[in-house]
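The values are calculated or read from the model by the stated rules, or taken from the named source; none is laboratory data. None of the values given here were measured: they were computed from a predicted structure. Heads up, the Cβs are rebuilt from the backbone with ideal geometry, glycines too, and the neighbour counts pull from every protein chain shown. When the accessible area is computed, the model is the full protein with side chains, heavy atoms only, and any ligands, DNA or RNA have been set aside. Shrake-Rupley method; radii C 1.70, N 1.55, O 1.52, S 1.80 Å.
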Amino acid sequence: MKIQVNKKDFEVLGERPSVADLLEQMAPRHPVAAVKVNGAFVRRGEYGTNILKGGDRVIVVHMLGGG
Amino acid sequence: VRALRENILAIDPEVVIEACDLRIDAANALAVFGDADVLVEAFDRAEEKAMLVQAMMENRPEMPVVSASGLAGIGGNNRIRTKRYGRLYVCGDGESAVSADNPPLAPRVGVVANMQANQVLEILWKRAGR
């Protein structure tokens, strides 16, 4: 299923992939601070139940060390 | 935090400081920062940055959060910017993590810290209707 992640096309696998599935497939190297789906923030506790649809626009905000 | 308090007061004795000598975690973050007008995230470790940003975004739906991500190393002036995600602002280049080969150095850290401060002023200024 095609979605957009951080304004780039991304093919997410699975029949009803969730935000948690997406993050697992992305395997981000850095901790995730926030996820937005179609402009709405998703709470961490809802990553597993927030089901993505084709064409969804997802923003994943990572945090890099240093401050 | 005591040394930081002294440094800030040496710059401006009028500043009101409540210094908290404790390690911030998901359990106490709200008690410490929950009443702030704006949260400035300036941790070192990426995991703690994510924890604090997440805690405030989830539990304080009105609070602006100004974070820093990607400030290690040297150069790359024009890659440093502020990205806005609603009320979450992230200052930095989004790609330069601290490592043994890429340490945090004062010029870039200073640039990003000042961008955070500038963003806070803009948020407060606009809120005051200026």
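A few points about this structure:
- Test: residue in region B:80-91 that is more than 7 Å from every other protein chain (Cβ to nearest Cβ), over 16 Å from A:His62 (Cα atoms) and not polar (S, T, N, Q): no
- Of the strands (runs of 3 or more DSSP E) lying entirely inside chain A, those containing at least 2 residues that are more than 18 Å from B:Gln54 (Cβ to Cβ), away from chain B (no Cβ under 12 Å) and open to solvent by 50 Å² or more (accessible area, probe 1.4 Å) span A:2-5, A:8-11.
- Residue check for B:Ala42: exposed (fewer than 11 other Cβ atoms within 10 Å of the Cβ) and hydrophobic (A, V, I, L, M, F, W, C): no
- Residue match in region B:48-57 (condition: out of contact with any Asp or Glu (no Cβ under 9 Å at 6 or more places or on another chain) and open to solvent by 40 Å² or more (accessible area, probe 1.4 Å)): no
- There is at least one residue in region A:7-19 that is over 10 Å from the mean Cα position of the chain (by Cα) and within 23 Å of B:Gly70 (Cα to Cα).
- For first residues located in region B:54-72 and in contact (Cβ under 8 Å) with a residue 40 or more places away in the chain and among the β-branched types (Val, Ile, Thr), partners that are open to solvent by 10 Å² or more (accessible area, probe 1.4 Å) and part of a loop (DSSP other than H, G, I, E, B) and lie 6+ apart or on another chain with Cβ distances below 7 Å form the pairs B:Val66/B:Val38.
- Candidates B:Asp37, B:Asp12 - the one that is modelled with pLDDT of 95 or more, away from chain A (no Cβ under 14 Å) and either closer than 14 Å to B:Arg87 by Cβ or surrounded by 17 or more Cβ atoms within 10 Å (Cβ to Cβ) (or both): B:Asp37
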